[in-house]
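The values are calculated or read from the model by the stated rules, or taken from the named source; none is laboratory data. Everything quoted here is computed from the prediction, not taken from an experiment. As a convention, Cβ positions derive from the backbone with ideal geometry for all residues, glycine included, and neighbour counts pool all protein chains shown.
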Amino acid sequence: MSDAISFRPMTEADLEAVLKIEYAAFSHPWTRGIFADSVKSYDCWLMFEGGQQVGHGVINVIIDEAHLLNITVKPESQGRGLGLRLLEFLMQRAAQLKAGECFLEVRASNQAAYRLYERYGFNEVGRRRDYYPAVGGREDALVMACTLVD
């Protein structure tokens, strides 16, 4: 990673580029409508490496609790520590917004993401049965939580 990493808030004008990354990264991506609603209601960010958009994330903070709703790094940029950089940035944002704890759901089959969250300090605290749509049915979500420090 030689190029500088930067972040900026997501706007509706960014949705085409966001959806391109989202659809490349996931078998069941968020829709334009979900992102359009999120931009109006949640803390939504883009991550750039040099001048190129390489990821995005969405958090929701209610009172003192954050929920990581989406974190995505484009497939060709994965495996170089960018996911951790994006996660660190989003957790700093949550702490700045006065959240003391963050929760997330991750597909039970997504071991790369699970390990990323674990490395950051998230612990598994539960399971939501049949939470995610999956090829050929539904898939469980593992619920994870992390204490935030400002």
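Could you grab me the full set of residues in segment 114-150 that are closer than 17 Å to L87 by Cα and in contact (Cβ under 8 Å) with a residue 40 or more places away in the chain?
In the first step, residues of segment 114-150 are kept if they are closer than 17 Å to L87 by Cα; the result is 114-124, 143-150.
Within segment 114-150, V143, M144, A145, C146, T147, L148, V149, D150 qualify.
Are any of the residues in segment 100-113 touching a strand residue (DSSP E or B) at 6+ places or on another chain (Cβ under 9 Å), farther than 19 Å from A145 by Cβ and either polar (S, T, N, Q) or modelled with pLDDT under 95 (or both)? Within segment 100-113 (the criterion being touching a strand residue (DSSP E or B) at 6+ places or on another chain (Cβ under 9 Å), farther than 19 Å from A145 by Cβ and either polar (S, T, N, Q) or modelled with pLDDT under 95 (or both)), the answer is yes, since at least one residue qualifies. Against the numbered list (1) modelled with pLDDT under 95; (2) crowded, with 17+ Cβ neighbours inside 10 Å, G137 comes up short only at (2). Considering segment 71-111, and only residues there that are crowded, with 16+ Cβ neighbours inside 10 Å and of a type in the set (S, T, Y), the residue that is nearest to R8 (Cα to Cα) turns out to be T72.
Within the set Y131, Y114, the sole residue that is surrounded by 15 or more Cβ atoms within 10 Å (Cβ to Cβ), part of a strand (DSSP E or B) and not basic (K, R) turns out to be Y131.
Across segment 8-49, the number of residues qualifying as closer than 18 Å to Q78 by Cβ, out of contact with any helix residue (DSSP H, G or I) (no Cβ under 9 Å at 6 or more places or on another chain), of a type in the set (A, V, I, L, M, F, W, C) and in a helix (DSSP H, G or I) comes to 1.
Going by the structure shown, is L84 within 13 Å of the chain's Cα centre (by Cα), assigned to a helix (DSSP H, G or I) and farther than 26 Å from D37 by Cα? Spell out how you get there, then give the answer.
Working: within 13 Å of the chain's Cα centre (by Cα): yes; assigned to a helix (DSSP H, G or I): yes; farther than 26 Å from D37 by Cα: no.
Taking the combined requirement at face value, the residue does not satisfy it.
Scan segment 102-111 and give yes if some residue there is part of a helix (DSSP H, G or I), free of Cβ contacts under 8 Å to residues at least 24 places away in the same chain and among the polar types (S, T, N, Q), otherwise no. Checking segment 102-111: at least one residue is part of a helix (DSSP H, G or I), free of Cβ contacts under 8 Å to residues at least 24 places away in the same chain and among the polar types (S, T, N, Q).
Got at least one residue in segment 3-13 being within 21 Å of E88 (Cα to Cα), in contact (Cβ under 8 Å) with a residue 60 or more places away in the chain and of a type in the set (V, I, T)? Checking segment 3-13: at least one residue is within 21 Å of E88 (Cα to Cα), in contact (Cβ under 8 Å) with a residue 60 or more places away in the chain and of a type in the set (V, I, T). For beta carbons closer than 6 Å, sequence separation of 6+ or different chains, a first residue in segment 45-74 that is on the phi > 0 side of the Ramachandran plot and a second that is acidic (D, E), the qualifying pairs are G50/D3.
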